[in-house]
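The values are calculated or read from the model by the stated rules, or taken from the named source; none is laboratory data. Here the structure is a predicted model, which means the values were calculated and not measured. Glycine gets a Cβ as well: all are built from the backbone with ideal geometry, and neighbour counts include every protein chain shown.
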Amino acid sequence: MALGVGFGWGAAQGSAAQPGTRVFTADAGLILSYIKPGQNTAFERTMKRVAEALANNEEFDRRRQAVGWKLYRKAEPLEGGVLLYISVIDPVVPNADYWVPQILNEAFPTEVQELYEAYAGAFAHGETLLNLTPVDLGLAVAEP
């Protein structure tokens, strides 16, 4: 089953990923997800299924993705009641695809359409993918 949705990722954000893929090119990454008011439950339910799909996968790299992927919600809504969810992915699994519809399709092929519709329908302004490179500030903690 081929799934694709334009969530605002791609060349405009400097990603070399092909449509329908979400591959980070740095050691860490962020995904900013802008969710419609009242759609937080649908989004969170779908993301829990993504976490299950990754954590229970037979492939080692998929399980590694689960360990490094943390999801946060900004406490205060944005303008218009839009909710901001921030996925912090650290460390990134090199060359791993973080495209939610693909992950769902691999693990839940009979549920993927329903999960995808809930996921896609929750978005207010799409998503933004950010590749992050750490900056060495030269700081160290001295032992007492």
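Out of (1) within 18 Å of VAL23 (Cα to Cα); (2) without any contact (Cβ under 8 Å) to a residue 40 or more places away in the chain; (3) not in a strand (DSSP E or B); (4) not acidic (Asp, Glu), what's the single condition that is false for GLY138?
Single failed check for GLY138: (1).
Are any residues in the range 31-59 part of a loop (DSSP other than H, G, I, E, B) and either under 15 Å from ALA120 (Cβ atoms) or aliphatic (A, V, I, L, M) (or both), and if so, which ones?
Residues satisfying the conditions are LYS36, GLN39.
Mind checking whether some residue in the range 11-22 is of a type in the set (Lys, Arg), closer than 16 Å to ILE86 by Cβ, at pLDDT 80 or above and assigned to a strand (DSSP E or B)?
no
Since VAL67 meets every condition but one in (1) surrounded by fewer than 18 Cβ atoms within 10 Å (Cβ to Cβ); (2) more than 16 Å from TYR98 (Cβ to Cβ), which condition does it not meet?
Just one mismatch for VAL67, condition (2).
In this structure, is GLU117 outside any loop (DSSP other than H, G, I, E, B), among the charged types (D, E, K, R) and out of contact with any helix residue (DSSP H, G or I) (no Cβ under 7 Å at 6 or more places or on another chain)?
yes
Go through ASP136, ASP97 for me and flag whichever is at pLDDT 95 or above, acidic (Asp, Glu) and over 17 Å from GLY38 (Cβ atoms).
That would be ASP97, the only listed residue that is at pLDDT 95 or above, acidic (Asp, Glu) and over 17 Å from GLY38 (Cβ atoms).
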